[in-house]
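To keep things clear, I will list the structure first and then write my remarks on it.
Every read-out reported here was derived from the displayed coordinates using simple, explicitly stated rules and does not represent laboratory data. The structure displayed is predicted, hence computed values, not measured ones. A quick note on method: Cβ atoms are made from the backbone with ideal geometry, for glycine too, and the neighbour counts reach across all protein chains shown.
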Amino acid sequence: MTDSATHAVDKLIRMANQIAVAFAAQPRDEAITGVADHIKAFWTPKMRRDIGAHLAEGGQRLEPLAKAALERLQ
Amino acid sequence: MALIKEIDTGTPIRLADRIVTLVIDGERVSVPAGTSVMAAAMTMGTKIPKLCATDSLEAFGSCRLCLVEIEGRRGTPASCTTPAEDGMIVHTQNERLAKLRRGVMELYISDHPLDCLTCPANGDCELQDMAGAVGLRDVRYGYKGANHLDAGKDESNPYFTFDESKCIVCSRCVRACEETQGTFALTIQGRGFNSKVSPGGLDFLSSECVSCGACVQACPTATLSEKTIIEHGQPDHSVVTTCAYCGVGCSFKAEMQGERVVNMEPYKAGGANEGHSCVKGRFAWGYATAKDRITKPMIRAKITDPWREVSWDEAFAYAASEFKRIQSTHGREGVGAITSSRCTNEEVFVIQKLVRMGFGNNNVDTCARVCHSPTGYGLSKTFGTSAGTQDFKSVEESDVILVIGANPTDAHPVFASRMKKRLRQGARLIVVDPRKIDLVKSAHVRADYHLPLMPGTNVAIVNALSHVIVTEGLAKEDYIRERCDWDDFQVWARFIAEEKHSPEAVEQFTGVPAADVRAAARLYATGGKAAIYYGLGVTEHSQGSTTVMAMANLAMVTGNIGQRGMGVNPLRGQNNVQGACDMGSFPHEFSGYRHVSDDSTRDTFESLWGVALDKTPGMRIPNMLDEAQFGSFKGLYVQGEDIAQSDPDTHHVTAGLAAMECVIVQDLFLNETAKYAHVFFPGASFLEKDGTFTNAERRINRVRKVMTPMAGLADWEATLGFARALGVDMHYAHPSEIMDEIAALTPTFRNVSYKKLDEMGSVQWPCNDAAPEGTPIMHVDRFVRGKGKFMLTEFTPTDERTGPRFPLLLTTGRILSQYNVGAQTRRTSNSVWHEEDVLEIHPFDAESRGIRDGDLVALASRAGEVSLKARISERMQPGVVYTTFHHPNSGANVVTTDNSDWATNCPEYKVTAVQARRTNHWSDWQEQDRETAISMRRIAHEAADAAE
């Protein structure tokens, strides 16, 4: 992955983790749905593809909630 | 077109259930109880002579010109101070009254310059009118006695003069400053013959005067006169239009001589301002004809090239060819646009239409991204729609006002005057703000509670207020059961009752004493009708959307939504932020806040526009900038926004812009963003086009053209020209046709038309078959989403942390005399009040750094560094510094970071960890900016001349 691609994915990971934290107070399943719906509603297809690539590589830097939501969106 | 002269009833017409009927000069007239005899007479067209009375002010009874006879009463009472009563028989004219009035006028005129023919108020002078009305033919006292004719002029204010020799000491100006504006800058100094109007013993410029113009408007003579009227003379016609500054959306009469504006007079029938104004709308309109307006389209291949002036057609063709090339090279998603909150609804609508229909993607965003996008998200989740809930006027019925993260006296001054009036009547006030803003303590206003929280802790404070309400049994259960989702409420109530949300638990990081939070919560819950007003101090945080939802929770749990005097109200920053959002400027939704993935909504647009539309969200502004640098976004059309100055982390913004292959800027001036542009479409000011603005209370106001566009085209026409060059079929003969299309496609605008706006003056959406006359108060019987939804609003500290390197927190904002990036106000005399941005710092922080008032200070953050002069101020709390972003070379946004709201990516302007230290030089960025300010704005005039 190039530096620029890494930078872009870093930002997406940060965004996804922020969203996950915002929904963390909800019961887990509702929270996963909330995060997934939010990303679906506001992210471009390319953003979802880019973070999907990170997820495919293990998604290690994703919060568990963010990871679960992104897995649901795949 | 004629000069609009509004009716002045002398004293206000009261609102009352009880009607009284009296007889005036033999005619029966009925008025609401409490209305004066003078106003009652005026309702039947009888003008009782007057000088000290005007209907924007309470009766004063000093001039003794409005005397009348009332049968059964002794003497000749003043009609302005005498309430109309049932059965009263009033005579306004007879020999006795005429003699008395002539006597009064003789006294006035005996001490007044007789220079009517050369007086600036000639033709618009109430003293002159009254001399005529009472038949004054002689002054028995002569003119040689003691007088004030040699009294000097105060010309210190850039916009108006005070000529004391013409003053009749009627106190209208003093009362306007008190009652209308609420500043109390003027007084009557001295007694008897020595009485004179004085701005506190100083000149106007040095005084506390805020130059709102209320005194000038109230003055019945030429004592207080606009300098433009003095220079040019009286207007020959006027046109009602809407101010292009803040989100209050004041109505003005543009008073004209031909196509030249000579005065902007606030319009009494304007629903948002009811005849009041501020220094920006009233006086700071000279930018519209500033000498550095760009009036010819320009293009250049590279941003290092000089600009080349071209015809509109060449500019359209070049821009279109570049956008087509970019899309063929980088794909359909390679281009996008940013709409402007300063432009009209119609202009915004055609740009988002161009993007969706012409570019074939949803890459459209708007400057609301960086201000009130969290409002859209938060209020839509909780209430079901993305807008404030009550009209400005209904603050008159509020008992408790909670101001959080807003500074209305600076940023929304006309609404602040309404609010202060209500506070002087006894409404209680809670201010939540890191700084001691003026509302905390100013003339006749003092907050009951000021909660001076540390920046970044809004959610914790609002949660703590709700915690107190829930745990102390102050929740309005009946309201919640009827109006809100009960199950959600129960979950939320358990959440908010947790000890971690208590005022005592959060005090350690909010810095606000728990006792004050508890007391403020009790006042909000039990003090009567409570209204929340908030600004960018709420939204521009990493948890901006969460705070909006927390405030909605607070309002719902206390039943403070759905009636006059209560609500949750964003104070919008720019004139048409609300409208730009309403018009479908966000990349995920069409006009009326409907998601692009909604098939039935998309079907209606596709049917009317005749093209298939993308059903996936497009890029937000930060995504566009990232993709420019790291991906394939290479073409941007920017309408009336200066992202290189206004958006955070300037290095990131300019790097993104510099990476693009074609940036089109449409603006009045070669702004900071234009330094990175390849095509310049010269913009049209609000005076040069027809359209509508929608203000913070959802009021759709007409903008009316009063002069020919200096560049030949209104902005919407330029967009259509660009669309045509791209081969996109968009035809409108007039903006009214664009509004007709908006109405056809947007349920909340279904009954809006120019005809309706002309008839009603303005209308607040939703305006449709269910609410044909509009909707001043929302969520009256039910929330738009059905049941109000309580949201769990966990407090999460921002990633931006102070530490040894950056121990202070910087927060930013704006001030009264300047406006946002300053493109407009910096080109007016308003700069006399704010020549440069400064860093406000608490005396403790200054002393520990050896910083003195006026020192140049290096302000550094993790993102960058700039130098500013220091202003030591106890408005700040220790540990917090503040600056504005009105001047480009100050570079406030060089320092701010790319942290943003989790839901909307609204930047976290309000929390930046910084260090301040004395310095003796400007920062590298500032030095470079000074150089590029010239080198990147060169225009090759010679080449253009040769071409012609």
With r as the distance between the Cβ atoms of B:K393 and B:D86 and R0 = 35 Å, compute the FRET efficiency 1/(1 + (r/R0)^6) and round to 0.05.
0.75
Distance cut-off 51 Å, percentage of C-alpha pairs in the protein assembly as shown lying past it:
22
Per DSSP H run of n ≥ 4, the term is -39500 (n - 2.57); total these for chain B, divide by its residue number, and report the mean residue ellipticity at 222 nm rounded to 500 deg cm²/dmol.
-8000 deg cm²/dmol
Would any residue of segment B:619-642 have its amide N under 11 Å from a label point 7 Å out along Cα→Cβ of B:A655? List them or say none.
B:626, B:629-630
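How big is the charge dipole of the protein assembly as shown about its Cα centre, in debye rounded to the nearest 20, if each Lys and Arg gets +1 on its Cβ and each Asp and Glu gets -1 on its Cβ?
Values: 110 positive and 128 negative charges, 273 e Å.
Dipole magnitude for the protein assembly as shown comes out near 1320 debye.
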State, as an integer percentage, the relative contact order of segment B:153-289 based on alpha-carbon contacts under 8 Å between residues 6 or more apart.
20
Just going by the charge dipole of the protein assembly as shown, with Lys and Arg at +1 and Asp and Glu at -1 on Cβ, which of B:Q352, B:M791, B:F392 is farthest out on the positive end?
B:F392
Anisotropy class of segment B:436-479 from Cα gyration tensor, a/c 1.5 cut:
oblate
Given labels modelled 7 Å from the Cα in the Cβ direction, how far is it in nm from B:D138 to B:E231?
4.5
To the nearest 20 debye, what is the magnitude of the charge dipole of chain B about its Cα centre, counting +1 on the Cβ of each Lys and Arg and -1 on the Cβ of each Asp and Glu?
1600
Using alpha carbon centroids, what distance separates segment B:40-57 and segment B:704-759, in Å?
41
Separation of alpha-carbon centers, segment B:332-380 and segment B:416-473, rounded to whole Å
34
Counting pairs of alpha carbon atoms under 8 Å apart in space and at least six apart in sequence, what relative contact order in percent does chain B give?
13
Specify whether the C-alpha gyration tensor of segment A:3-73 places it in the rounded, prolate or oblate class, a ≥ b ≥ c being the square roots of the eigenvalues: rounded for a/c under 1.5, otherwise prolate if a/b is larger than b/c and oblate if not.
prolate
Hey, got the dipole for chain A? About the Cα centre, +1 on K and R Cβ, -1 on D and E Cβ, debye to the nearest 20?
120
PRE zone check, label point 7 Å out along Cα-to-Cβ of B:L202, amide N under 17 Å, scope segment B:142-161, hits B:154-160
Rounded tilt (10° steps) of B:486-496 against the dominant C-alpha axis of chain B
80
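Quick check: residue separation of B:R852 and B:D799 times 0.36 nm, minus the Cα distance between them. What number comes out in nm?
Fully extending the segment from B:R852 to B:D799 adds 15.9 nm.
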Hey, for a label at B:T118 modelled as a point 7 Å past Cα toward Cβ, could you say which residues of segment B:124-160 have their backbone N under 17 Å away?
B:149-153
Under 5 Å from the placed amide H of B:V914, counting only residues 5+ away or on other chains, we find B:L808, B:L809, B:L810
May I ask you to derive the FRET efficiency for A:D37 and B:F509 from their Cβ-Cβ distance with R0 = 22 Å, giving the value to the nearest 0.05?
0.10
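Can you give the extra length, in nm with one decimal, that the chain gains between B:A940 and B:E606 once fully stretched, where that is 0.36 nm per residue apart less the Cα-Cα distance?
Full extension from B:A940 to B:E606 adds 115.9 nm.
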Say each of B:S195 and B:F844 gets a label point 7 Å from the Cα, pointing the same way as Cα to Cβ; how far apart are those two points in nm?
4.9
Given the peptides B:750-760, B:878-888, B:168-178, arrange them by the average over their residues of other C-beta atoms within 10 Å, most packed first.
B:168-178, B:878-888, B:750-760
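Name the shape class, rounded, prolate or oblate, that the alpha-carbon gyration tensor gives for segment B:808-935, where a ≥ b ≥ c are the square roots of its eigenvalues, rounded holds for a/c under 1.5, and otherwise prolate holds if a/b is larger than b/c and oblate otherwise.
Since a/c stays below 1.5, the shape of segment B:808-935 is classed as rounded.
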Find how much the distance from B:F184 to B:V23 grows on full extension, using 0.36 nm per residue of separation minus their present alpha carbon separation; answer in nm with one decimal.
54.1 nm
Just list whichever of B:K50/B:K153; B:K381/B:K910; B:K393/B:K441; B:K689/B:K755; B:K634/B:K689; B:K393/B:K910 have alpha carbons separated by over 19 Å in the model shown.
B:K50/B:K153; B:K381/B:K910; B:K393/B:K441; B:K634/B:K689; B:K393/B:K910
What FRET efficiency comes out for the pair B:K47/B:L15, r = Cβ-Cβ distance, R0 = 30 Å, nearest 0.05?
0.85
Run the simple label-point estimate for B:S30 and B:H595 please: 7 Å along Cα→C-beta, distance reported in nm.
5.4
